[in-house]
1. Out of everything in region 147-162 that is under 19 Å from the mean Cα position of the chain (by Cα) and modelled with pLDDT under 90, what residue ends up being farthest from Arg136 (Cα to Cα)?
2. Restricting to region 13-41, count the residues that are exposed (fewer than 10 other Cβ atoms within 10 Å of the Cβ) and at pLDDT 90 or above.
3. Applying the selection to region 132-166, what residues are within 13 Å of Gly117 (Cβ to Cβ) and exposed (fewer than 15 other Cβ atoms within 10 Å of the Cβ)?
4. Of the residues Gly57, Gly114, only one is assigned by TED's automatic domain parsing to the domain that holds Asn147, at positive phi and at pLDDT below 95; which?
5. Find the strands (runs of 3 or more DSSP E) located wholly in region 62-178 whose residues include 1 or more that are closer than 30 Å to Ala31 by Cα, and list them.
6. How many of the residues in region 121-160 are acidic (Asp, Glu) and in contact (Cβ under 8 Å) with a residue 12 or more places away in the chain?
7. Scan region 55-65 for residues that are within 22 Å of Leu11 (Cα to Cα) and either surrounded by fewer than 19 Cβ atoms within 10 Å (Cβ to Cβ) or without any contact (Cβ under 8 Å) to a residue 24 or more places away in the chain (or both) and jot them down.
8. Among (1) surrounded by fewer than 11 Cβ atoms within 10 Å (Cβ to Cβ); (2) within 20 Å of Ser103 (Cβ to Cβ), where does Pro44 come up short?
Amino acid sequence: MGKTAKGALWLRPDKTSPYEFFQYWRNVADADVIKCLKMLTFEPIEKIEEMEQHLEGAGFNKAKELLAYSLTELVHGKEEADKALEAAKAVFGGSGNSENMPSTVLTADKLTDGKIGILDLLTECGLVPTKSEARRNVQQGGISINNEKITDPKTEIEISGEVIIKKGKKVFHKATVK
């Protein structure tokens with residue numbers, strides 16, 4: 001699914017992590033959630049039709065979570081679906097548990113005095129394909145590090161332990177140093 005390699009949804013976990021796969025389906029359009037549940041899952045039709053009767057506000061979220069969980073379980077197994085659900089709840093529920101969040105381990109040679117430039121960090125983590133796209137994301141206010149918005153593309157990020165990168169409203173990524 002998707003028109004570009006970066007925008008594609010892959011079934012292989014080395015191409016699209018189970019968490020990213022879960023998030024793709026969790027973010028499906030409201031208008032499509034019931035259709036996707038009916039076509040792509042093995043959920044009982046009665047359950048889906050019951051959900052369809054209560055689709056407003058939190059009802060959409062419940063349906064989307066069921067869709068994401070069901071498809072992640074089908075493709076990646078129950079354990080990975082549980083991890084993805086737990087990570088999503090931790091990230092978006094504010095508990096801060098980043099254990100199952102997509103992550104990148106940077107090698108020490110990528111840092112200078114324990115720091116890395118924001119543009120390099122974004123490209124190293126695979127959040128953007130190029131530094132120019134990283135620059136655009138930063139300048140447009142779409143990047144936060146540990147809940148602090150970054151708007152200067154020359155910003156150096158100190159990495160001791162882990163940092164949580166937020167790209168846009170829905171993409172979270174953890175970076176650590178080896």
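1. Glu162
2. 2
3. Asp152, Lys154, Glu158, listed by residue number.
4. Working: Gly57 fails: assigned by TED's automatic domain parsing to the domain that holds Asn147.
Only one candidate passes the filter, namely Gly114.
5. Fully inside region 62-178 and qualifying: 143-145, 162-167, 171-177.
6. Number of matching residues: 4.
7. Glu65
8. Every listed condition holds for Pro44 apart from (2).
The values are calculated or read from the model by the stated rules, or taken from the named source; none is laboratory data. Bear in mind that the values here come from a model prediction, so they are computed numbers and not experimental data. Glycine gets a Cβ as well: all are built from the backbone with ideal geometry, and neighbour counts include every protein chain shown.
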